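The values are calculated or read from the model by the stated rules, or taken from the named source; none is laboratory data. This is a predicted model, so every value here is computed, not measured. Here the Cβ positions follow ideal geometry from the backbone for every residue, glycine too, while neighbour counts run over all protein chains shown. All accessible areas refer to the heavy atoms of the entire protein, side chains included, with ligands and DNA or RNA removed. Shrake-Rupley method; radii C 1.70, N 1.55, O 1.52, S 1.80 Å.
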Amino acid sequence: MDTSHTCPSFKSLSNKIGGILCCTNSSNRYERLDSRLERKMVEAKNNNIQTHNTFRSMDSIILRFPRFKEGLKEIQSVFELYDEDSNGTIDNEELKKCLQKLQFECTAEEIRDLFVSCDIDGSNGIQYNEFIVLLCLIYLLAGPTSSSNATPTVGSSELKATFDTIIEAFLFLDKNGDGKLNKKDVIKAMNEDFPMEKSPTHITKTRFKEMDWNKDGKVSFREFMFSLIDWVGFDHDI
């Protein structure tokens, strides 16, 4: 699989999102949500410190793309269920009903943060590829903690296993375990662990640039998810 070039549609989307992120109100919501996601990732890293990570390189993540796509397919039926007016998007009220059905306990502010942070094109509606990311964020935020064994009801065991594998991929890239990615993390993950699968420097830089939408030198799990979904190609199917 040739991953050395940025998809034109994704490059355009990335630039658009960079502009959206400059909005102060949206930026505050992104920061609140991303801070929570960082804490969850640090917790996941600590809880799984003894667990063998199945990823060895960026190539090993890329090779999982078909399995990711297959594992996430059932989200389409969930999306259609909560898209009550069948207009191809889930609005804020439809999202509230969805989160209630999924037994995800959150405040009105948290729902709004999720909505704004996943409505990356500013359309006031969650489209299918955005909904995939939103469900994974919910799964992470509502997942078991050290003080709870509760499991979010986001779907089948296959879907949960797919989300867990995606989280594992992020943890592989997060070498220092601080819940976010920086260029040093990504370069180390791509080049140092398995020299035989070393990625050329220009590909490493391209991969990081694709993920770092707001160009702050860091990549949150939310940014990583949107990049992964675009690489896998869901937005071209619906």
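Side notes on the structure shown:
- On the stretch given as segment 112-124, residues that are over 20 Å from F234 (Cβ atoms) and surrounded by fewer than 18 Cβ atoms within 10 Å (Cβ to Cβ) total 2.
- Residue satisfying all of: in segment 20-53; under 16 Å from the mean Cα position of the chain (by Cα), modelled with pLDDT of 85 or more and not aliphatic (A, V, I, L, M); nearest to I120 (Cα to Cα) among these: D34
- A residue that is farther than 20 Å from R222 by Cβ, open to solvent by 10 Å² or more (accessible area, probe 1.4 Å), touching a residue at least 40 places away in the same chain (Cβ under 8 Å) and outside any helix (DSSP H, G or I) occurs somewhere in segment 68-88.
- Q127 under 15 Å from the mean Cα position of the chain (by Cα) and open to solvent by 40 Å² or more (accessible area, probe 1.4 Å): yes
- Test: residue in segment 187-205 that is modelled with pLDDT of 80 or more, open to solvent by less than 10 Å² (accessible area, probe 1.4 Å) and under 18 Å from D59 (Cβ atoms): no
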